[in-house]
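The values are calculated or read from the model by the stated rules, or taken from the named source; none is laboratory data. Just so it is clear, the structure is predicted and the values come from calculations on it, not from any experiment. Backbone-built Cβ (ideal geometry, glycine too); neighbour counts: all protein chains shown. Heads up: the accessible areas ignore ligands, DNA and RNA and are worked out on the full protein's heavy atoms, side chains in. Shrake-Rupley method; radii C 1.70, N 1.55, O 1.52, S 1.80 Å.
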Amino acid sequence: MQKSIVTAIVLFFSILVMMPLHAHAYETGYVDTSGTLNVRDSANADAPVIGALSNRQTIEYLEVSEGWGQITYNGRAGYVSLDFITASGVSEVDEEETVTEANTEPVPEPAPEASLQGVQRVVLDPGHGGRDPGAIVGDVMEKELALDIAERAANYLSSAGYDVSLTRTGDTYVGLEDRAAFANRQSADVFISIHANASFEVQANGIETFYMHGSSQSKELARTLQQMAVSEVLMRDRGIRGSAFRVLTNTQMPAALVEFGFMTNSGDASLQQTDLMRDQSARSILRAVDAYSQ
Ligand SMILES: [Zn+2]
């Protein structure tokens with residue numbers, strides 16, 4: 001009798017504690033693929049297909065294992081590969097609300113990391129490329145914007161004495177795992193992926209930076225990148241967020257992904273088309289690497 005009362009009290013407080021954590025574990029994103037995205041019965045690529053999502057469809061998902069998100073599909077749980085989901089975030093986020101390290105879902109094991117001090121080798125990762133254009137708004141393609149910023153950043157970084165390499169130097173398709181493998185082969189000290197955001201909510205705007213779940217060094221890198229980006233570029237500060245993007249989880253060094261504004265927001269988009277914004281974005285990467293390296 002006494003034991004069941006204690007159990008009930010423990011359960012009650014557990015539920016109180018769990019609720020807000022779960023409320024923040026969901027992320028918003030949209031389907032980013034050339035065709036449709038299969039919804040599967042469980043979180044692996046061999047599981048039976050129970051349906052499909054169309055390209056650009058917005059979803060809310062819970063990261064349940066590396067590279068897999070759980071969604072509600074026709075009233076039941078369905079699973080999609082996060083390789084084909086681009087996070088679009090939620091409006092009015094701040095770091096405390098969106099960092100999901102404290103949640104109870106399994107997160108990938110942190111990879112072994114280089115030491116914080118003395119960054120020498122930098123791998124820049126311009127998002128998308130080739131048959132994967134990323135977001136397209138009007139005649140602007142995310143793959144071109146990302147490559148332009150990456151090339152400018154590479155110039156700044158090599159002038160400052162860093163060894164810089166890019167996961168792609170032209171309009172070519174490179175898979176997410178190949179990007180991470182490239183950085184690992186280079187024994188890079190930091191890996192910085194460069195993207196631009198898109199959302200069906202045209203008012204969504206600003207810069208946000210993602211880092212690999214469970215890695216304090218990646219989080220520090222993301223924090224520094226975000227801080228420098230919003231001090232250089234006149235865009236809203238959306239903060240930093242933990243994520244299980246495959247390009248981040250497979251790297252063996254601190255890794256972060258910067259989304260330099262929303263191509264779907266008229267204010268951000270007009271800035272993105274200027275040399276000034278692209279140059280500021282590139283310089284912010286140099287300043288961040290300098291600061292992180294100290
Ligand atoms: Zn992208």
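A compact table of results
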quantity	calculated
Exclusive hit being in contact (Cβ under 8 Å) with a residue 12 or more places away in the chain, out of contact with any strand residue (DSSP E or B) (no Cβ under 7 Å at 6 or more places or on another chain) and open to solvent by 10 Å² or more (accessible area, probe 1.4 Å), set Gln252, Gln273	Gln252
Gly138 being more than 16 Å from the ligand (Cβ to nearest atom), surrounded by fewer than 18 Cβ atoms within 10 Å (Cβ to Cβ), more than 25 Å from Gln217 (Cβ to Cβ) and not aliphatic (A, V, I, L, M)	yes
In the stretch 216-267, residue farthest from Ile85 (Cα to Cα) [restricted to those that are more than 16 Å from the ligand (Cβ to nearest atom), in a strand (DSSP E or B) and within 13 Å of the chain's Cα centre (by Cα)]	Gly239
Residue in the stretch 268-290 that is β-branched (Val, Ile, Thr) and in a helix (DSSP H, G or I) present	yes
In the stretch 141-162, residue most open to solvent (accessible area, probe 1.4 Å) [restricted to those that are within 13 Å of the ligand (Cβ to nearest atom) and in a helix (DSSP H, G or I)]	Glu144
Residue match in the stretch 187-197 (condition: in contact (Cβ under 8 Å) with a residue 24 or more places away in the chain, open to solvent by 10 Å² or more (accessible area, probe 1.4 Å) and within 16 Å of the ligand (Cβ to nearest atom))	yes
